[in-house]
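Accompanying notes for the structure given below.
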Amino acid sequence: MKTGKLIVLTGPSGVGKGTLLRALRRRHPELYLSVSVTTRSPRAGEINGRHYYFIDRHQFEQMVAAGELLEWAEFAGNYYGTLRRQVETHLQEGEWVVLEIELEGARQIRRSFPEALQIFLLPPTMDALETRIRERGKDSEESMALRLQRAKEEIAAAGEFDFQIVNDNLEKALEEIEAAVFAPVSC
Ligand code: 5GP
């Protein structure tokens, strides 16, 4: 059986994971970006099945009970989870699968896939992150406050990851991610 590679990208909300992953995918279309399920409402411009599968809490709980999620977590009042079958199918095809998930999910993946590559994306400063979250302006005040609180907890755990990359410059951060992802495996 062919087996691909699992890559986890974690970092606080607003740090720029989505933008970086889109840029990475443009350069390496062979990478497969997993599409998660979430109970969060779609933001303006988000498309069901492309950014997320938007489902309700009851559906989410049923998926958890049926073991359909590889990992899941609650974040800023909503549930998020990775579809097990989607990831396993692509890995079995030998593809490289990227998960963009928060800290608790990354820890679950570390237990079930210890060989997964784990990257943590850091903001240049906390102030810069706060500005990014506020300027995005797509979340409620309450959600922004929860996201900032969670950001501090996540950043404190950055040392658990194989790589810590600071997103102070998109091109530089992208090159560092590429270097981590495509580094030759040492035996
Ligand atoms: P947002 O609401 O900003 O799209 O995402 C909030 C947080 O949930 C982000 O840190 C994002 O990486 C994370 N997230 C997205 N999908 C998943 C998932 O499937 N599992 C987990 N554990 N976190 C996710």
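The values are calculated or read from the model by the stated rules, or taken from the named source; none is laboratory data. The structure displayed is predicted, hence computed values, not measured ones. Please note: Cβ atoms are built from the backbone with ideal geometry, for glycine as well, and neighbour counts cover all protein chains shown. Keep in mind that these areas ignore ligands, DNA and RNA; they rest on the heavy atoms of the full protein, side chains included. Shrake-Rupley method; radii C 1.70, N 1.55, O 1.52, S 1.80 Å.
Any idea how many residues of segment 144-187 are in a loop (DSSP other than H, G, I, E, B), open to solvent by 20 Å² or more (accessible area, probe 1.4 Å) and closer than 17 Å to Thr10 by Cα? Full working, then the answer.
We begin by selecting, within segment 144-187, every residue in a loop (DSSP other than H, G, I, E, B); these are 157, 161-162, 167-169, 182-187.
Then drop every residue that is not open to solvent by 20 Å² or more (accessible area, probe 1.4 Å), which leaves 162, 168-169, 182-187.
After this cut, where a residue has to be closer than 17 Å to Thr10 by Cα as well, the list is 162, 168.
Residues flagged as in a loop (DSSP other than H, G, I, E, B), open to solvent by 20 Å² or more (accessible area, probe 1.4 Å) and closer than 17 Å to Thr10 by Cα within segment 144-187 amount to 2.
Would you list the helices (runs of 4 or more DSSP H) that sit entirely within segment 43-143 and hold 1 or more residues that are surrounded by fewer than 17 Cβ atoms within 10 Å (Cβ to Cβ) and over 18 Å from the mean Cα position of the chain (by Cα)? Spell out the reasoning first.
On the way: elements: 57-65, 84-92, 103-112, 126-136.
In segment 43-143, the matching helices (runs of 4 or more DSSP H) lie at 57-65, 84-92, 126-136.
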Original post:
polar (S, T, N, Q) and more than 12 Å from the ligand (Cβ to nearest atom) - does that describe any residue in segment 20-43?
Top reply: no
Original post:
In segment 103-118, how many residues are under 18 Å from Leu21 (Cα atoms) and out of contact with any Asp or Glu (no Cβ under 7 Å at 6 or more places or on another chain)?
Top reply: 2
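Hey, can you tell me all the residues within segment 46-94 that are β-branched (Val, Ile, Thr), within 15 Å of the ligand (Cβ to nearest atom) and free of Cβ contacts under 8 Å to residues at least 12 places away in the same chain? Talk me through it step by step, then tell me what you get.
Within segment 46-94, the subset β-branched (Val, Ile, Thr) is 47, 55, 64, 82, 87, 89.
Next cut, within 15 Å of the ligand (Cβ to nearest atom) only: 47, 55, 64, 82, 87.
Passing the criteria: only Ile47.
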**OP:** Of the numbered conditions (1) aromatic (Phe, Trp, Tyr); (2) closer than 25 Å to Val64 by Cβ; (3) in contact with a Gly (Cβ under 8 Å, 6 or more places away or on another chain), Phe113 fails exactly one; give the number of that condition.
**Re:** (3)
Original post:
Looking at (1) touching a Pro at 6+ places or on another chain (Cβ under 8 Å); (2) within 11 Å of the ligand (Cβ to nearest atom); (3) free of Cβ contacts under 8 Å to residues at least 24 places away in the same chain, can you tell me which one Val15 breaks?
Top reply: (3)
Original post:
Restricting the search to segment 40-79, which residues are over 28 Å from Pro114 (Cβ atoms) and in contact with a Gly (Cβ under 9 Å, 6 or more places away or on another chain)?
Top reply: Arg40, His51
